[in-house]
Each structure stands twice: as C-alpha cells, then as structure tokens.
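Just so it is clear, none of the values below were taken in a lab; they were calculated from the coordinates. Please read these numbers as outputs of a predicted model, since none were measured by experiment. Here Cβ is always computed from backbone atoms with ideal geometry, including for glycine, and neighbour counts include all displayed protein chains.
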C-alpha cells in the first residue's frame, strides 16, 4: 500500500470511531456520525499520507 492509501485507511477508521463517539455523546445518529467521521477522516488521512510520502 502507498502512504496515501495507508493514511486514508487509518484516517477513515479513526474518523469513524470519533464520529461514532461524538454522536453517542451528543445524542445524534450513530450511523450518520460514523459515516461523516469516516469520510472526513479518510480524506484527511489520504492528504496527510500523500504529503508524508513525498509524491
């Protein structure tokens, strides 16, 4: 896997967990929180991995 792919995968997993936790604390929809957090985390992780990879 490239650094970008690794970053997107780990960022998505971390984001989904964070979104789920925030939704649980605020009384929001758990599924929506996980999806939004996972999507944002994957984008951020992919960008970070791309920067770190030096491509």
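Counting 0.36 nm for each residue step from residue 1 to residue 44 and taking away their Cα separation leaves a gain of 13.8 nm.
More than 16 angstrom separation, counting every C-alpha pair in the chain; what % is that? Cα-Cα pairs in the chain separated by more than 16 Å: 39 percent. Helix 3-26 and the longest principal axis of the C-alpha atoms of the chain enclose an angle of approximately 10°. Projecting label points 7 angstrom from Cα along Cα→Cβ for residue 14 and residue 32 puts them 2.6 nm apart. Helix-only arithmetic for the chain: the sum of -39500 (n - 2.57) across DSSP H runs with n ≥ 4, divided by the residue total, places the mean residue ellipticity at 222 nm at -31000 deg cm²/dmol.
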